[in-house]
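The values are calculated or read from the model by the stated rules, or taken from the named source; none is laboratory data. Everything quoted here is computed from the prediction, not taken from an experiment. Virtual Cβ from ideal backbone geometry, glycine too; neighbours counted across all protein chains shown.
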Amino acid sequence: MHIIVGLGNPGKKYELTRHNMGFLALDLLAEKYGIKVDRLKFKALTGEGRIEGKKVILVKPQTYMNLSGESVRDVVNFYKEPLENLIVIYDDIDIAEGTLRIRPRGSSGTHNGMRNVIYLLGDDDFPRIRVGIGGERQTDLINYVTGRVTEGEADLLWDALNKAADAASDIVINGVEHAMQTFNIKPGRLKKEKESQEEASAEPEEAAAEGPAENDPSDAAETPGE
C-alpha cells in the first residue's frame with residue numbers, strides 16, 4: 001500500500017493559496033480515482049481507495065503546515081509501511097513557478113512543513129513531488145506563500161497540479177524512477193511544450209486558409225504499357 005500525503009493549511013482562508021499546492025494536487029488525484037478524502041483520522045482528512053488496482057490512502061494533515069509531521073508520523077506508524085511507499089506532495093518557493101520536481105529522497109530545503117515531517121519520521125528516504133511556486137524574487141515570503149493564486153498564475157499552476165497528481169499515480173504504478181523521467185519539468189521544457197501546443201493549434205487554421213490543393217496532372221500514375 002502507498003500513503004500519499006498532500007501538505008497544506010486547513011480552512012477556507014487558505015484554500016487557493018500557493019502554500020496549499022499539496023492539498024490541491026491531492027484533491028485532483030482523489031477526484032480522478034473516485035476516492036473520498038473525508039474521514040478524520042491521524043489528525044488528518046483521509047481516504048482509502050485504489051489506483052490501477054493498488055491500494056492507497058490519501059492524507060491531508062489538519063495540523064497546519066508547520067506541524068504536518070505529527071499527522072504523517074501517526075499514519076506511517078499505524079500502517080507500518082516502508083518509507084519508500086510514502087509520497088509527499090508540497091509547494092516549493094525555491095523552484096520556478098509551474099515546474100515539477102520529483103525526487104526519491106532528500107532534505108526539506110526551506111519548507112517548514114517538510115522539515116517537520118522529516119524531523120518526526122527521523123528519516124528523509126521517501127519520494128516527494130515538489131510543485132514550484134517561484135518565490136525567489138519576493139521580499140515577504142510568508143505573505144507570498146499564504147497569498148491566493150492570481151488569475152495570471154492560475155493556468156500555469158493548474159497544469160502543474162494536474163501533472164503532480166498524475167506523477168503520484170505513476171509512482172504507485174511504475175515506481176519513482178519512471179515518474180522522474182516522465183514528469184520532471186524544467187522551465188525550458190515548459191516553454192517548448194507551450195510553443196508546440198500553439199503551433200499545433202495554428203496548423204489546422206493555416207490548412208483551412210490555404211484550401212484544397214489543385215490536382216497536378218504530372219502527379220497522376222502512369223499507365224503501364226501493353
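Scan the range 118-134 and tell me whether some residue there is surrounded by fewer than 20 Cβ atoms within 10 Å (Cβ to Cβ) and free of Cβ contacts under 8 Å to residues at least 24 places away in the same chain.
Here is the first cut: in the range 118-134, the ones surrounded by fewer than 20 Cβ atoms within 10 Å (Cβ to Cβ) are 119-125.
Now restrict to residues that are free of Cβ contacts under 8 Å to residues at least 24 places away in the same chain: 122, 124.
Within the range 118-134, one or more residues are surrounded by fewer than 20 Cβ atoms within 10 Å (Cβ to Cβ) and free of Cβ contacts under 8 Å to residues at least 24 places away in the same chain.
Being in a strand (DSSP E or B), free of Cβ contacts under 8 Å to residues at least 60 places away in the same chain and polar (S, T, N, Q) narrows it down to one residue among T63, T46; which is it? Write out each step before concluding.
On the way: T63 fails: in a strand (DSSP E or B).
None of the others qualify; the one that does is T46.
Scan the range 66-100 residue by residue and report those that are touching a Gly at 6+ places or on another chain (Cβ under 7 Å) and free of Cβ contacts under 8 Å to residues at least 40 places away in the same chain.
I95 - this is the single residue of the range 66-100 that is touching a Gly at 6+ places or on another chain (Cβ under 7 Å) and free of Cβ contacts under 8 Å to residues at least 40 places away in the same chain.
Keeping to the range 92-103, report how many residues are part of a strand (DSSP E or B) and either surrounded by fewer than 18 Cβ atoms within 10 Å (Cβ to Cβ) or more than 18 Å from the chain's Cα centre (by Cα) (or both). Walk me through how you get there before you give the answer.
As a first pass, look at the range 92-103 and keep what is part of a strand (DSSP E or B): 92, 100-103.
From what is left, the residues that are either surrounded by fewer than 18 Cβ atoms within 10 Å (Cβ to Cβ) or more than 18 Å from the chain's Cα centre (by Cα) (or both) are 103.
Of the residues in that region, 1 qualify.
Evaluate the following for G106: is it at positive phi, surrounded by fewer than 16 Cβ atoms within 10 Å (Cβ to Cβ) and modelled with pLDDT under 95?
Numbers: at positive phi: yes; surrounded by fewer than 16 Cβ atoms within 10 Å (Cβ to Cβ): yes; modelled with pLDDT under 95: yes.
So G106 fits the description; yes.
State whether the residues of the range 77-91 include one that is surrounded by 20 or more Cβ atoms within 10 Å (Cβ to Cβ), under 21 Å from the mean Cα position of the chain (by Cα) and either over 16 Å from A168 (Cβ atoms) or of a type in the set (D, E) (or both).
Pass one, the range 77-91, residues surrounded by 20 or more Cβ atoms within 10 Å (Cβ to Cβ): 86-91.
If we keep only those that are under 21 Å from the mean Cα position of the chain (by Cα) too, we end up with 86-91.
Now restrict to residues that are either over 16 Å from A168 (Cβ atoms) or of a type in the set (D, E) (or both): 91.
Yes, the range 77-91 contains at least one residue that is surrounded by 20 or more Cβ atoms within 10 Å (Cβ to Cβ), under 21 Å from the mean Cα position of the chain (by Cα) and either over 16 Å from A168 (Cβ atoms) or of a type in the set (D, E) (or both).
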